[in-house]
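Below is one structure, written out as structure tokens; comments come after it.
The values are calculated or read from the model by the stated rules, or taken from the named source; none is laboratory data. These figures come from a predicted structure and were not determined experimentally. Here the Cβ is made from the backbone with ideal geometry for all residues, glycine too, and neighbour counts use every protein chain on show. All accessible areas refer to the heavy atoms of the entire protein, side chains included, with ligands and DNA or RNA removed. Shrake-Rupley method; radii C 1.70, N 1.55, O 1.52, S 1.80 Å.
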Amino acid sequence: MFDALDADQLARVHADFDVPENLGAPAVLVTGSFEQPVASWCDEIFRTTGIEVLRPVNRSAGLLMLAVDGEVYAIGYDQGFRLVPDRLKDHRFGLSFASRRVDPAKIRDLVSHTPGGGRTDITLIPSGASVWSLGIVEHAQIVRRLGGHLDNIPLTISRDNPGKISSAEGGAGLRMRLGVEGADLIADIRAIARVLREEKPSPELEFVEHVVPVDNPGLVTRLEAILDDLLGQEPDGRISVAVPADHWDDYMGARAFRARINSDAAGRSTDDFDLEYVLCRARIQRAGSRVAALREGTVTLYRHDRADRADEIWTSSALRWIEAEVFLDSRRFFLMDGHWYEIDQEYLKAIRSHAERLITDTPSVDLPPWVLGEKERTYNASVPDQRPGYVCFDRDNVQTALHRGNGVEICAC
């Protein structure tokens, strides 16, 4: 556990260490604080008003690491999650739990990513909604975070009052209420581990896990060789920018970015991440070393455009800021958050089988031919005249609880 921590980061937060002995499990407690002697807005106040203001910023950080049944778990308090190096996180841990225990009819938030364009869609529904009402395109979008009302799970905090457990949010990490007493906390960790070990995702949420990490070292080497060659070429859109999944809030709060790729000098940009600079730095690296240069390179976010050390929010590997799509024969792979993933082959077979059942030589619905050049509205209106019993619903919207404004168009005919 000590070896897993970043020594420079610990020095920055003036970390204190303790070894709890009342948990009945090996554990390490790290506490500290992210301190800024003078808040970044003080200089702006002085320039605006002429009044000198010196106010500090101090954010606490606590990290409890404990080993339960051979696995190490980390629990962050306030800013403590920043003390866990990104390379050690299981970026599907929380999502895997959510796909098994969140009620598919009461989804409260969902973040999905469309590979190839760097597009991330964030949906928030405080009252909850069915997953099918969210418009997820299963074969084209990758779910990165899922939250909602919990389906029944025996956690210690709900022993006396089941209403205390209401929701969970899963991505790389897992946000939910857990027991505070040492024995209760360990019991809850074991309950979560049992769900991941013994249960399958809910049928309605199976698609969440159709993206599987690539664990084969030989395959990873092949993929990175292809990416290395791609990084050596002029940009053509096949490599795009993608914000690391567990740091959207940091990204939204950043006002300056600094990238350092195998150089003492750093490229600085304001307002947004400079993908062009990063790709340029990668392109001039020696062939075979480009991916490694990005993995070892860094991107730092700052809360103020002056980008002083005191304004630093977070630093990560530059490789986490790009995404790429690579094909090997008929297989499709994605680089996301510095890791390789593949659309599960069994999932693709199921999708193809389903499509083959739907698309047949003899259509199940008898519709008249479409005359080339005929407008959609004209065609739809003519169908009931040619096929008795058909009703035209084109532009005849239906009001529902989810579509109270203009309603929703159910179908054309």
Residue within segment 391-413 that is surrounded by fewer than 10 Cβ atoms within 10 Å (Cβ to Cβ), among the aromatic types (Phe, Trp, Tyr), modelled with pLDDT of 80 or more and over 24 Å from His113 (Cβ atoms) present: no
All positions within segment 297-320 that are touching a helix residue (DSSP H, G or I) at 6+ places or on another chain (Cβ under 8 Å) and part of a helix (DSSP H, G or I): Ala318, Leu319, Arg320
Cβ-Cβ under 9 Å pairs, at least 6 apart or on other chains, segment 21-46 side within 23 Å of Leu5 (Cα to Cα), far side open to solvent by 60 Å² or more (accessible area, probe 1.4 Å) and among the β-branched types (Val, Ile, Thr): Pro26/Val19; Pro26/Val72; Ala27/Val19; Val28/Val19; Leu29/Val19
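Only one of Trp340, Trp370 is part of a loop (DSSP other than H, G, I, E, B) and either within 30 Å of Asn216 (Cβ to Cβ) or modelled with pLDDT of 85 or more (or both). Can you tell me which? Full working, then the answer.
Details: Trp340 fails: part of a loop (DSSP other than H, G, I, E, B).
One residue alone meets the criteria, Trp370.
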Scan of segment 1-27 for residues that are over 18 Å from Gly70 (Cα atoms), at pLDDT below 90 and not aliphatic (A, V, I, L, M), ordered by number: Asp6, Asp8, Gln9, Arg12
Can you confirm whether segment 343-364 contains a residue that is of a type in the set (A, V, I, L, M) and touching a strand residue (DSSP E or B) at 6+ places or on another chain (Cβ under 7 Å)? yes
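If a residue must be surrounded by 21 or more Cβ atoms within 10 Å (Cβ to Cβ) and closer than 26 Å to Trp321 by Cα, how many such residues does segment 112-131 contain?
Step one: list which residues in segment 112-131 are surrounded by 21 or more Cβ atoms within 10 Å (Cβ to Cβ), which gives 112-113, 115, 131.
In the following step, the residues that additionally are closer than 26 Å to Trp321 by Cα were identified as 112-113, 115.
Of the residues in that region, 3 qualify.
List the strands (runs of 3 or more DSSP E) inside segment 1-89, counting only whole elements, that have at least 1 residues being open to solvent by less than 90 Å² (accessible area, probe 1.4 Å) and closer than 18 Å to Ile313 by Cβ. Steps first, answer last, please.
On the way: elements: 16-18, 27-36, 57-68, 71-78.
In segment 1-89, 27-36, 57-68, 71-78 are the strands (runs of 3 or more DSSP E) which contain 1 or more residues that are open to solvent by less than 90 Å² (accessible area, probe 1.4 Å) and closer than 18 Å to Ile313 by Cβ.
Take segment 29-50 and flag every residue that is hydrophobic (A, V, I, L, M, F, W, C) and modelled with pLDDT of 95 or more.
In the first step, residues of segment 29-50 are kept if they are hydrophobic (A, V, I, L, M, F, W, C); the result is 29-30, 34, 38-39, 41-42, 45-46.
Leu29, Val30, listed by residue number.
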Pairs, please: C-beta under 8 Å, at least 6 apart or cross-chain, first residue touching a residue at least 12 places away in the same chain (Cβ under 8 Å) and crowded, with 16+ Cβ neighbours inside 10 Å and in segment 201-229, second among the polar types (S, T, N, Q) and not in a helix (DSSP H, G or I)? Asp228/Ser289
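Quickly run through segment 176-195 and pick out the residues that are under 25 Å from the mean Cα position of the chain (by Cα) and open to solvent by 50 Å² or more (accessible area, probe 1.4 Å).
Within segment 176-195, the subset under 25 Å from the mean Cα position of the chain (by Cα) is 176-178, 188-195.
Arg177, Arg190, Arg194 - these are the residues of segment 176-195 that are under 25 Å from the mean Cα position of the chain (by Cα) and open to solvent by 50 Å² or more (accessible area, probe 1.4 Å).
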Quick check on this structure: which one of Asp329, Asp311 is modelled with pLDDT of 80 or more, open to solvent by 60 Å² or more (accessible area, probe 1.4 Å) and either under 30 Å from Ser40 (Cα atoms) or out of contact with any His (no Cβ under 7 Å at 6 or more places or on another chain) (or both)? Asp329
Out of the residues in segment 215-239 that are within 13 Å of Val326 (Cα to Cα) and not in a helix (DSSP H, G or I), state the one that is modelled with the highest pLDDT. Ile239
Tally, over segment 260-286, of residues that are open to solvent by 70 Å² or more (accessible area, probe 1.4 Å), in contact (Cβ under 8 Å) with a residue 40 or more places away in the chain and assigned to a loop (DSSP other than H, G, I, E, B): 0
